[in-house]
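Asker: Before I ask anything, here is the structure I am working with.
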Amino acid sequence: MAHTVTSPVYVVQDNIDTDQIIPAQYLTLVPTIPDEYDKLGSYALIGLPDALYPTRFVEEGQFKSPYKIVIGGRNFGCGSSREHAPIALGAAGVEAVVADSFARIFFRNCVATGECYPYDTPVRLCDVLHTGDIATLDFDHDTLTANGVTYSLKPLGEVRPVIEAGGIFNFARQSGMIPAQG
Amino acid sequence: MIPSPMTLTEKVLARASGKTHVQPGDNVWVNVDVLMTHDVCGPGTIGVFKREFGKDAKVWDRNRVVIIPDHYIFTADSMSNRNVDILRDFVREQELPYFYDVIDDPSGHWKFDASQGQLQRQYGSRYTGVCHTTLPWKGHTRPGEVLFGTDSHTCMAGAFNQFATGIGNTDAGFILGTGKLLIKVPESMRFYLEGNLPPGVMAKDVILHVIGEIGFDGATYRAMQWEGPGVHGMSMDDRMTIANMAIEAGGKNGIFPCDQKTLDYVRERVEENGTKSAFEPAEIDRDQSFVYDRVFDLSKLEPTVACHPDPGNRKTAKELEHVTLDRAYIGSCTGGKTSDFLAFAEVVRGKTVKIDTFGVPATTKVVQELKDTLWGGQSVWQILESAGVRLTENASCAACLGGPVDTFGRLNKPMKCISATNRNFPGRMGNKESEVYLASPYTVAASALTGHITDPRTFIS
Ligand code: SF4
């Protein structure tokens, strides 16, 4: 996996719950069925109120988003335990979510699935960055650089190798916790 | 050596991981007592299990898996109907004893018949309804145990003195294959309740008040432990309402002490359903340490409302009397129990609702109890219907989480709804421009009668 990613960012505010990330009517899609996985990507963040977020995250008719980095405020991913949420973001091409804080189950689901990196930011980036700004996320130095400024992020620590391995199963196999797949 | 004190959550997790002591921050492998999944996350969980353990793999313990279709059941959406079939195929293949199927034929296909309408019963004899209310009813919740479920409100079972929390499909798939999960021991917060609830104030008001106090993320990664004489005065239904909404403050779990009420409730149900009867409650230690410790006087609480757009956005019902409403809704794991409907009926009895009002019992047992409970020769079911409530026999999650567009009670256009459910983020009940106000069944009932948010004490002597 590349150790940096450069992409326009998509900026959201506090309390983006799982219904806004992937609304309940799309939960009939089963993430382990490949076609349905791709479809989940096409609906990522479609539950955001249009008035607050006039720019769509994924263009109508597309499966991928141009934004590989999502910037959020407090409590990103709160609400339901649906793994469809990090999966929809991952399927849309998101590499990382950088937020003030994360809801517990969302954070855990990011790690378990290996779909995207949940980075905590000590500086409230959702107030200084705008959707479309180009940023570079450096996974080795735990920094995000945008508009000429470099921000330090909280290091991912013990969860990084799990996500890098592609989720808990691969990680558990690599480390011998469960047997290799026959 | 005197063992150092632990909180209830720490005790349960220590025992489940075979340790004498754990402390917050420890990562431990716990043995899982029960894994619950449903029609929304079950198919994906099964997919993960097969992908990772092979297509012929068997679950770690047939008797510890509980599968409850409850979310998108009474809808003509073909994908939703298919998802229930995926569960049934898996249950048959794995020979799982605890599957509360919508239909009776173990090799049939579920198809909702929209032509019969939404109100009339369309399920077989095994169907139960909402998972979190089904688990205790069917004898799957026991003190001192560890329960994981692929649903964030799994924390409701903390009412029964167990560690219960929601997880994703991947974690659940891992459990299906191994019976274990690696988790971090959370810090505990204590909410010590004193006094009794005044008339017109319910358990729902307690939890809405507390979330307003600590904030929508005030318990993130933490356990919410409930103690004090106020707790012992509460029914098991009340405790469930409170434990259910730990997640609305970001909590990992909520947990209650085990008392005689817990024991009576659990013993009766495990016996009735022939589920495992042995369990070991976690007792309260002296000198536990908490990261937050506060006393709440129940007698001071008022009818409380969480305003759009999050469950921590607290006001009293009185402050909101100017808010006019389009709809009232009573239902869900939090607010669709028999006791919730009885409270609602107390208020609307002999009167007529002024706005569209939908009632969805959490379980099929609630339907039965409302029909069997007679007040002055009339069943509560009839009392509610004559007050103008649109009641369905099809117990399920229904519009609590929006769902497919034909879901009963779903907010299909921008509107203001007062609801006895637990979550009000934008779009939760359907249309993303609508507004949902969370309140107790009393407050929802009083507001249904007037058409604006109303303090129920106007109607309760
Ligand atoms: S009733 Fe609502 S909160 Fe409860 S399990 Fe169903 S969707 Fe979730």
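The values are calculated or read from the model by the stated rules, or taken from the named source; none is laboratory data. Values in this document were obtained by computation on a predicted structure and should not be read as measured data. Ideal geometry is used to build each Cβ from the backbone, glycine not excepted, and the neighbour counts take in all protein chains shown. The accessibility values were calculated without ligands, DNA or RNA, using every heavy atom of the protein model including side chains. Shrake-Rupley method; radii C 1.70, N 1.55, O 1.52, S 1.80 Å.
Asker: Being within 15 Å of the ligand (Cβ to nearest atom) and touching a residue at least 40 places away in the same chain (Cβ under 8 Å) is the filter here, so list the residues in the stretch B:413-438 that pass it.
Answerer: Within the stretch B:413-438, B:C417, B:S419, B:A420, B:T421, B:N422, B:R423, B:N424, B:F425, B:M429, B:V436, B:L438 meet the criteria.
Asker: Hey, among B:T357, B:T352, which residue is touching a residue at least 60 places away in the same chain (Cβ under 8 Å), in the same structural domain as B:K315 (by TED's automatic domain parsing), assigned to a strand (DSSP E or B) and away from the ligand (no atom under 16 Å from the Cβ)?
Answerer: B:T357
Asker: Would you call A:F106 touching a residue at least 40 places away in the same chain (Cβ under 8 Å) and touching a Gly at 6+ places or on another chain (Cβ under 9 Å)?
Answerer: Yes, satisfied.
Asker: Among the residues of the stretch B:153-205, write down those that are open to solvent by less than 30 Å² (accessible area, probe 1.4 Å), more than 12 Å from chain A (Cβ to nearest Cβ) and hydroxyl-bearing (S, T, Y).
Answerer: Within the stretch B:153-205, just B:S188 meets the criteria.
Asker: Here's another thing I want to ask about it. In the stretch B:57-73, what count of residues is obtained for those that are more than 15 Å from A:A24 (Cα to Cα) and open to solvent by 10 Å² or more (accessible area, probe 1.4 Å)?
Answerer: Counting residues in the stretch B:57-73 that are more than 15 Å from A:A24 (Cα to Cα) and open to solvent by 10 Å² or more (accessible area, probe 1.4 Å) gives 8.
Asker: A further question follows. State all residues of the stretch A:97-108 that are crowded, with 24+ Cβ neighbours inside 10 Å and either under 16 Å from A:L45 (Cβ atoms) or more than 9 Å from chain B (Cβ to nearest Cβ) (or both); if no residue qualifies, say none.
Answerer: A:V97, A:V98, A:A99, A:F102, A:A103, A:F106
Asker: While we're looking at this one, here's another question. Determine if the stretch B:390-412 includes at least one residue that is within 16 Å of the ligand (Cβ to nearest atom), in contact (Cβ under 8 Å) with a residue 12 or more places away in the chain, in contact with an Asp or Glu (Cβ under 7 Å, 6 or more places away or on another chain) and assigned to a helix (DSSP H, G or I).
Answerer: No, that holds for no residue.
Asker: Go through the stretch B:75-108 and give me each residue that's away from every other protein chain (no Cβ under 14 Å) and more than 26 Å from B:K180 (Cβ to Cβ). Steps first, please.
Answerer: Applying the first criterion (away from every other protein chain (no Cβ under 14 Å)) to the stretch B:75-108 yields B:88, B:91-108.
Answer for the stretch B:75-108, where residues must be away from every other protein chain (no Cβ under 14 Å) and more than 26 Å from B:K180 (Cβ to Cβ): B:R88, B:D101, B:V102, B:I103, B:D104, B:D105, B:P106, B:S107, B:G108.
Asker: Give the number of residues within the stretch A:109-157 that are of a type in the set (K, R) and modelled with pLDDT under 95.
Answerer: Matching residues across the stretch A:109-157 total 0.
Asker: On the basis of being over 23 Å from the mean Cα position of the chain (by Cα) and either assigned by TED's automatic domain parsing to the domain that holds B:M240 or of a type in the set (V, I, T) (or both), does B:V367 make the cut?
Answerer: no
Asker: Can you tell me how many residues in the stretch A:24-50 are farther than 18 Å from B:R51 by Cβ and assigned to a loop (DSSP other than H, G, I, E, B)?
Answerer: Initially, the stretch A:24-50 is screened for residues farther than 18 Å from B:R51 by Cβ, giving A:24-28, A:39, A:41-50.
From the residues that got through so far, the ones that are assigned to a loop (DSSP other than H, G, I, E, B) too are A:27-28, A:43-50.
Of the residues in the stretch A:24-50, 10 are farther than 18 Å from B:R51 by Cβ and assigned to a loop (DSSP other than H, G, I, E, B).
Asker: Then there's this: What residue, among those in the stretch A:161-178 that are in a loop (DSSP other than H, G, I, E, B) and within 10 Å of another protein chain (Cβ to nearest Cβ), is modelled with the lowest pLDDT?
Answerer: Checking each candidate, the answer is A:M177.
Asker: Something else: Would you check if there is a residue in the stretch B:151-158 being part of a loop (DSSP other than H, G, I, E, B), in contact with a Leu (Cβ under 8 Å, 6 or more places away or on another chain) and within 16 Å of the ligand (Cβ to nearest atom)?
Answerer: The answer is no; no qualifying residue exists.
Asker: Restricting the search to the stretch B:74-91, which residues are touching a Pro at 6+ places or on another chain (Cβ under 6 Å) and open to solvent by 40 Å² or more (accessible area, probe 1.4 Å)?
Answerer: B:D77, B:I86, listed by residue number.
Asker: What number of residues in the stretch A:80-96 are open to solvent by 10 Å² or more (accessible area, probe 1.4 Å) and at the interface with another protein chain (Cβ under 7 Å from one of its Cβ atoms)?
Answerer: Qualifying residue count for the region: 1.
Asker: Within the stretch B:2-39, which residues are free of Cβ contacts under 8 Å to residues at least 60 places away in the same chain and either open to solvent by less than 10 Å² (accessible area, probe 1.4 Å) or on the phi < 0 side of the Ramachandran plot (or both)? Before the answer, list the steps.
Answerer: Filtering the stretch B:2-39 down to residues free of Cβ contacts under 8 Å to residues at least 60 places away in the same chain leaves B:2-4, B:14, B:17-21, B:39.
Listed by number, the residues that qualify are B:I2, B:P3, B:S4, B:A14, B:S17, B:K19, B:T20, B:H21, B:D39.
Asker: Right, here's the next one. Which number in (1) closer than 22 Å to B:L325 by Cβ; (2) open to solvent by 50 Å² or more (accessible area, probe 1.4 Å) marks the one condition that B:G388 misses?
Answerer: So B:G388 meets the others, but not (2).
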